[in-house]
Amino acid sequence: LKHFSGKNNELKFKAMDFLITNMDIHHTSDYYWENSSGQKIAYSELEYTDFEQAKEAFIRLKEQNPGIKPVPVILKDIETITADFLIKNLEKAFKSWQDTPLKNISFNDFCEYILPYRIDVEPIQEWRSSYSEKFKWIDKEISSKGFSQVLPYVKDDYDKWFTNTWGEQRKEPLPRLSALQLLQRKQGPCPDIADLGVFIMRSQGVPATVNVIPFWATSTGGHFMNTFFGDQMKEYYCDYGAKSFDEKLQREPAKVLRITYSKNPNTLASFQVIRKIAPGILQQENYIDVTKDFWHTRDVSCSLYQTYNKSKIVYATTFNGLIWQPFWWGTIINNETVFTSICTETVIIPQYFINGKLIPAGPPVVVGSDKNKILVPDLNQRRDIVLAEKEKFLKFKLGVSYKLFYWQDGWKIAGIQNVSTAVSELKFEKVPKNALLLLVASDTKQLERPFTVGDDGGRTWY
């Protein structure tokens, strides 16, 4: 701050104040190698010309140090980042902002989407110099072709040298690659690809950020993608993990949360103790909800079961990977809550998070385009249902057993069928009406989706 004090540095002083004011919520999630005696082993992949050489060197290191293991570390920015690093980052960011051919990028937008030295929890490095030089052609192309016309060229560029490793789970305890590791390894899954897009664009003075879909609402897993901002901060949605850079979402997200550097006072973590918040992105303070920009949404009111605990928060949960996952929250007033901007044609269950566990706070709610449907199984009205095979949804296999469940504050068994001969449909008897159902195969890959069966026997998957 002292470095930028003075009349000629007023904006830079404000920018540095912005970084420092919001620094306390940020950290690096990294690791180092330790031998069997507990001694730290010096090794950095970035000391080698390319990733192949780095891997070969590590193989030799393992041979010399039997029993070597990774040790995860958390490094808080407020305790580890130096003034010199911040000053250099700020100077380079200002230069890229001043040199960009984009028009009308405000100081506040610069601070949020160009200035930050980090994106998520990746290891911190001085990345702007390398990226500025490697991708300087982008600014030239923007000047001659216009911003929107350049985006496909950026995707074509990545596709030539960066490999999408689709859903890879790294064996090393490294949630996100650093900026320079991205250039060195030239590979990674969608979180790394989204980060790469931000580093590239910010190095050229283009405002950029990551959008996180923590969970799909009608499928398994989640996703990461980008928003880049052109002239007048016009938003361009870009998914460089997709076939086309501007491909729209193909399924309902539980939420789309835009990552910021600054703290957002409307987040749950801004007022709730972290240890009391369900694990995941809701423990962060730096995001804004942009779901309604990507899908049709509605605010959903839910009546809740009477609870005798002192919880003031209830979570909206979505079914993902055969379990209910918390993805949003609401405050409790008179045993009711409102979940904001929930995607239509999805099913949610309100749940409390108490002592580290999710506890149902109400029945399943199907979020319709105009109104909701509450799914409380009617145990007094039962019927036989026939579940037929459907292309891309359901295929019965020989030697596999299928269990049908209905939800009543937990999955209750409704019937079991064993497939011993070739069949195209299975019949289950005395299944409660108005129930959320789930059919799970004995050889499950945890991809099964909940569904309902209408009075006409038709199925609706969620």
Euclidean distance between Cα centres, the range 410-449 to the range 90-120, Å: 54 Å
Taking 0.36 nm per intervening residue step and subtracting the Cα-Cα distance, what contour gain separates THR331 from LYS171 on full extension? 53.8 nm
Entries of LYS255/LYS395; LYS14/LYS88; LYS14/LYS76; LYS103/LYS234; LYS248/LYS395; LYS186/LYS234 with Cα pairs more than 18 Å apart: LYS255/LYS395; LYS14/LYS76; LYS248/LYS395; LYS186/LYS234
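If you restrict to DSSP beta bridges whose two residues both lie in the chain, what percentage is antiparallel, to the nearest 5?
Values: 78 of 80 bridges.
Of those bridges, close to 100 percent are antiparallel.
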For the chain, with all protein chains present and a 1.4 Å probe, just round the carbon and sulfur fraction of the accessible area to a whole percent. 49 percent
Sequence-separation-based contact order of the range 295-384, relative, with Cα cut under 8 Å and 6+ spacing, percent: 29 percent
Per-peptide average of other Cβ atoms within 10 Å, ordering 180-189, 221-230 highest first: 221-230, 180-189
What does the charge count near SER303 come to, summing +1 for each Lys or Arg and -1 for each Asp or Glu among other residues with Cβ under 15 Å from its Cβ? -1
Report the label-to-label distance for ASN380 and SER148 in nanometres (one decimal), using points 7 Å from each Cα along the Cα→Cβ vector. 5.9 nm
Under 18 Å by backbone N from the virtual spin label 7 Å along Cα-to-Cβ at LEU61, the residues of the range 150-174 are 170-174
With bins 20 Å wide starting at 0, give me the P(r) of the chain over every alpha carbon pair, in whole percents. 21, 48, 28, 3, 0
Hey, what does the equivalent ellipsoid look like for the range 256-373, semi-axes from the Cα gyration tensor as sqrt of 5 times each eigenvalue, largest first, whole Å? 20, 19, 13
Between the range 20-68 and the range 211-281, how many Å separate their Cα centres? 30 Å
Solvent-accessible heavy-atom area per residue, rounded to whole Å², over the chain at 1.4 Å: 50 Å²
Within the range 398-462, pairs of Lys residues whose Cα atoms are less than 18 angstrom apart, provided they are eight or more positions apart or on distinct chains, add up to 8
Tell me what the chain gives for mean residue ellipticity at 222 nm when only DSSP H runs of n ≥ 4 count, each as -39,500 (n - 2.57), the sum divided by the residue total, rounded to 500 deg cm²/dmol. -7000 deg cm²/dmol
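The values are calculated or read from the model by the stated rules, or taken from the named source; none is laboratory data. Only a predicted model underlies this, so the values are computations on that prediction, with no experimental measurement involved. All Cβ positions, even for glycine, are placed from backbone atoms using ideal geometry, and neighbour counts span all protein chains on display. Remember, those area values only see protein heavy atoms, side chains included, never the ligands or the DNA or RNA. Shrake-Rupley method; radii C 1.70, N 1.55, O 1.52, S 1.80 Å.
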